[in-house]
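Asker: There's a structure below that I have some questions on.
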Amino acid sequence: MTRPTRVLVTGGTGVLGRELVPRLQARTEVRVLSRRPPPGPGFVQGDLETGEGLAAAVEDVDAIAHCASAADYRRPQRDVTQLRQLLEAIGGARPHLVYVSIVGVDRVRFGFFQAKLDTERLVEDSGLPWTILRATEFHDLMLTFLMRLAKGPAAVVPQKAQFQPVDAGDVAERMAELVMGPAAGRVRELGGPKVESMADLMRAYLAAARRRRRVIEIPVWGRLGAGLGLGGQLLTDDDRGSVSFADYLHAHTDADGVLDVTNR
Ligand SMILES: NC(=O)c1ccc[n+]([C@@H]2O[C@H](COP(=O)([O-])OP(=O)(O)OC[C@H]3O[C@@H](n4cnc5c(N)ncnc54)[C@H](OP(=O)(O)O)[C@@H]3O)[C@@H](O)[C@H]2O)c1
């Protein structure tokens with residue numbers, strides 16, 4: 001297969017997309033889809049839920065990195081709708097579709113994970129050449145969770161929950177290679193370098209943010225608790241990024257030791 005000469009990145013303005021776009025721009029022509037007015041050349045305005053602007057977005061692209069997500073835990077099927085709209089716009093063209101999903105979507109019972117699994121199936125059944133990469137939780141998301149859980153007088157975390165958070169830059173690096181290569185189907189999952197309990201991740205955050213809170217672990221019942229306790233969202237094989245959560249916190253701390261938590 002020849003390398004793609006033009007790539008569309010959906011979700012190019014998101015956490016992963018912002019890391020992916022410059023990596024792809026170094027290798028090929030990139031078009032970024034966003035609902036916002038284009039800030040400059042290379043952007044196209046469109047909405048994956050209404051279908052508006054998608055025809056222009058997909059025109060003459062050889063590959064699509066589908067990183068957009070409504071990230072709506074209450075109405076998770078919005079992500080399935082978004083991919084349906086994208087496929088409808090693609091019509092009879094045959095770009096390579098590269099999708100990023102989440103490690104454990106088939107093991108942890110949680111509505112958003114089910115929607116990601118449904119979206120994966122839609123990719124597989126699309127008739128397009130496709131690649132699916134599953135990644136663990138990004139450090140940015142982990143930090144957002146931890147900040148919310150530490151809002152009260154004590155920091156409350158689910159007991160026994162273990163995570164293997166990964167740097168969005170590591171995922172973007174892998175995605176860029178996949179987008180520039182031939183369709184590969186399901187590829188090895190990617191996670192961070194360390195498996196850590198949520199309690200330890202919380203302690204790392206509190207120390208970096210210089211906040212004093214007691215960390216309380218509470219049991220999480222039901223299917224979600226069972227999945228988290230069994231490590232359903234950890235890697236099953238051994239493909240690990242290089243940046244740990246501690247490295248990430250360090251990289252986001254300024255010379256005065258203040259953790260940058262803007263936009264959270
Ligand atoms: N976050 C994690 O820990 C994690 C882990 C593994 C896999 N993933 C997957 O990786 C992908 C990227 O995640 P992320 O955290 O980078 O996402 P994010 O920061 O929440 O960004 C979401 C992106 O989706 C775009 N978007 C949302 N609704 C849209 C719509 N209706 N039409 C067009 N664009 C729309 C947004 O663009 P505009 O606002 O500019 O329109 C934004 O760029 C997702 O599929 C996610 O499930 C995430």
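The values are calculated or read from the model by the stated rules, or taken from the named source; none is laboratory data. Quick caveat: nothing in here was measured; it's all calculated off a predicted structure. Methodologically, a virtual Cβ is constructed for each residue, glycine included, from the backbone with ideal geometry; neighbour enumeration extends over all protein chains shown.
Asker: Would you tally the residues in the range 135-173 being touching a Pro at 6+ places or on another chain (Cβ under 7 Å) and in a loop (DSSP other than H, G, I, E, B)?
Answerer: So the count comes out to 3.
Asker: If Asp200 satisfies all but one of (1) within 15 Å of the ligand (Cβ to nearest atom); (2) out of contact with any strand residue (DSSP E or B) (no Cβ under 7 Å at 6 or more places or on another chain); (3) modelled with pLDDT of 95 or more, what's the number of the condition it fails?
Answerer: (1)
Asker: Let me ask something else about it. Please go through (1) within 21 Å of the chain's Cα centre (by Cα); (2) within 13 Å of the ligand (Cβ to nearest atom) for Leu87 and return the number of the only condition it doesn't satisfy.
Answerer: Going through the list (1) within 21 Å of the chain's Cα centre (by Cα); (2) within 13 Å of the ligand (Cβ to nearest atom), Leu87 breaks only (2).
Asker: While we're looking at this one, here's another question. Check off (1) under 22 Å from Val166 (Cβ atoms); (2) surrounded by 19 or more Cβ atoms within 10 Å (Cβ to Cβ) for Thr13 and give me the number that stays unchecked.
Answerer: That leaves (2) as the condition not met.
Asker: Kindly indicate which of Arg121, Arg107 is assigned to a loop (DSSP other than H, G, I, E, B) and of a type in the set (Lys, Arg).
Answerer: Arg107 is the lone residue from the list that is assigned to a loop (DSSP other than H, G, I, E, B) and of a type in the set (Lys, Arg).
Asker: Taking the range 38-92 as the search range and keeping residues that are surrounded by 19 or more Cβ atoms within 10 Å (Cβ to Cβ) and charged (D, E, K, R), which one is nearest to Val15 (Cα to Cα)?
Answerer: Top of the filtered list is Asp79.
Asker: Still on this structure: Looking at Ala135, is it touching a residue at least 60 places away in the same chain (Cβ under 8 Å), small (Gly, Ala, Ser) and either crowded, with 22+ Cβ neighbours inside 10 Å or within 12 Å of Met202 (Cα to Cα) (or both)?
Answerer: It is false that Ala135 is touching a residue at least 60 places away in the same chain (Cβ under 8 Å), small (Gly, Ala, Ser) and either crowded, with 22+ Cβ neighbours inside 10 Å or within 12 Å of Met202 (Cα to Cα) (or both).
Asker: Could you look through the range 129-178, keep only residues that are of a type in the set (S, T, N, Q) and more than 11 Å from the chain's Cα centre (by Cα), and pick out the one that is nearest to the ligand (Cβ to nearest atom)?
Answerer: Result: Thr144.
Asker: At least 3 residues that are closer than 23 Å to Phe110 by Cα in each: list the helices (runs of 4 or more DSSP H) lying fully within the range 174-264 that qualify.
Answerer: Where helices (runs of 4 or more DSSP H) fall fully within the range 174-264 and carry at least 3 residues being closer than 23 Å to Phe110 by Cα, they are 198-208, 222-229.
Asker: Additional query: For Val179, are the conditions met, namely being surrounded by fewer than 17 Cβ atoms within 10 Å (Cβ to Cβ), farther than 22 Å from Pro158 by Cβ and of a type in the set (A, V, I, L, M)?
Answerer: no
Asker: Moving to a separate point now. Here are Leu33, Leu48, Leu16: which of them is within 9 Å of the ligand (Cβ to nearest atom), in a strand (DSSP E or B) and touching a residue at least 12 places away in the same chain (Cβ under 8 Å)?
Answerer: The match here is Leu33.
Asker: Conditions: (1) surrounded by fewer than 16 Cβ atoms within 10 Å (Cβ to Cβ); (2) under 16 Å from the mean Cα position of the chain (by Cα); (3) more than 10 Å from the ligand (Cβ to nearest atom). Gln114 meets all but one. Number of the miss?
Answerer: Gln114 satisfies every listed condition except (1).
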